[in-house]
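Visitor: Have a look at this one.
The values are calculated or read from the model by the stated rules, or taken from the named source; none is laboratory data. Values in this document were obtained by computation on a predicted structure and should not be read as measured data. Glycine gets a Cβ as well: all are built from the backbone with ideal geometry, and neighbour counts include every protein chain shown.
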Amino acid sequence: MTTPVPISLTVNGERVDAHVLPRLNLADFLREHLDLTGTHVGCEHGVCGACTVRVNGDIVRSCLMLAIQTEGAVVETIEGLSDTGEIADLQEAFKARNALQCGFCTPAMLITAQDLLSREPKPDRDRIREHLSGNYCRCTGYHSIVDAVETTALARLERAS
């Protein structure tokens, strides 16, 4: 029998102390232990990108990371990014550009798009596609998602000037 391991981390700005089994992945920890169900589980192999979250400021596939690897880390999920308002403009652009469709990929797309825009304020459409390429969408054909990210980038630049 495997013994649970204690971990302490910060999730969406709140300290979390838990005991987890050593082989529990981060996606399942977030969903099952913290009820943060915006982190979706698609392929469980890191291919689809639906489980994307931020760990210490970097986007990661939470299905490929063990919960115990987050000891002392800062984890941000779609719920946290939405609650802080960090991605409010992206959310509005996704809605306006019909980039939501079924919504399964949307949380991870938003996190990944925000990652790009925080690093590159004015990416071109090819760069947007490249950065989002690790996130699989079965519904939109990606055009509306790229439109939404481009629209947000241009609006942010306009507000900054």
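Visitor: If you scan the range 15-24, which residues turn out to be of a type outside the set (Lys, Arg), surrounded by fewer than 16 Cβ atoms within 10 Å (Cβ to Cβ) and assigned to a loop (DSSP other than H, G, I, E, B)?
Guide: Within the range 15-24, Leu21, Pro22 qualify.
Visitor: Just give me the residues in the range 1-51 being touching a helix residue (DSSP H, G or I) at 6+ places or on another chain (Cβ under 6 Å), closer than 14 Å to Ala67 by Cβ and hydroxyl-bearing (Ser, Thr, Tyr), in sequence order.
Guide: Within the range 1-51, just Thr39 meets the criteria.
Visitor: Identify the residue in the range 91-137 that is at positive phi and in contact (Cβ under 8 Å) with a residue 24 or more places away in the chain and, among all such residues, is surrounded by the most Cβ atoms within 10 Å (Cβ to Cβ).
Guide: Only one residue tops the list, namely Gln101.
Visitor: When you scan the range 120-160, how many residues do you find that are closer than 19 Å to Arg97 by Cα and touching a strand residue (DSSP E or B) at 6+ places or on another chain (Cβ under 9 Å)?
Guide: Total satisfying the criteria: 1.
Visitor: How many of the residues in the range 1-14 are over 19 Å from the mean Cα position of the chain (by Cα), surrounded by fewer than 12 Cβ atoms within 10 Å (Cβ to Cβ) and outside any loop (DSSP other than H, G, I, E, B)?
Guide: 1
Visitor: Could you check the range 65-104 and list, in sequence order, the residues that are under 14 Å from the mean Cα position of the chain (by Cα) and within 14 Å of His40 (Cβ to Cβ)?
Guide: Hits for the range 65-104 are Thr77, Ile78, Glu79, Gly103, Phe104.
Visitor: Filter the range 1-38 for residues that are among the β-branched types (Val, Ile, Thr) and free of Cβ contacts under 8 Å to residues at least 24 places away in the same chain; which is nearest to Thr52 (Cα to Cα)?
Guide: This residue is Thr37.
Visitor: Now a separate question. List the number of the failed condition for Thr152; all other conditions in (1) assigned to a loop (DSSP other than H, G, I, E, B); (2) out of contact with any His (no Cβ under 6 Å at 6 or more places or on another chain) hold.
Guide: (1)
Visitor: Here is a follow-up. Inspect the range 42-52 for any residue being in the same structural domain as Ser144 (by TED's automatic domain parsing) and either under 14 Å from the mean Cα position of the chain (by Cα) or of a type in the set (Asp, Glu) (or both) and give the result as yes or no.
Guide: no
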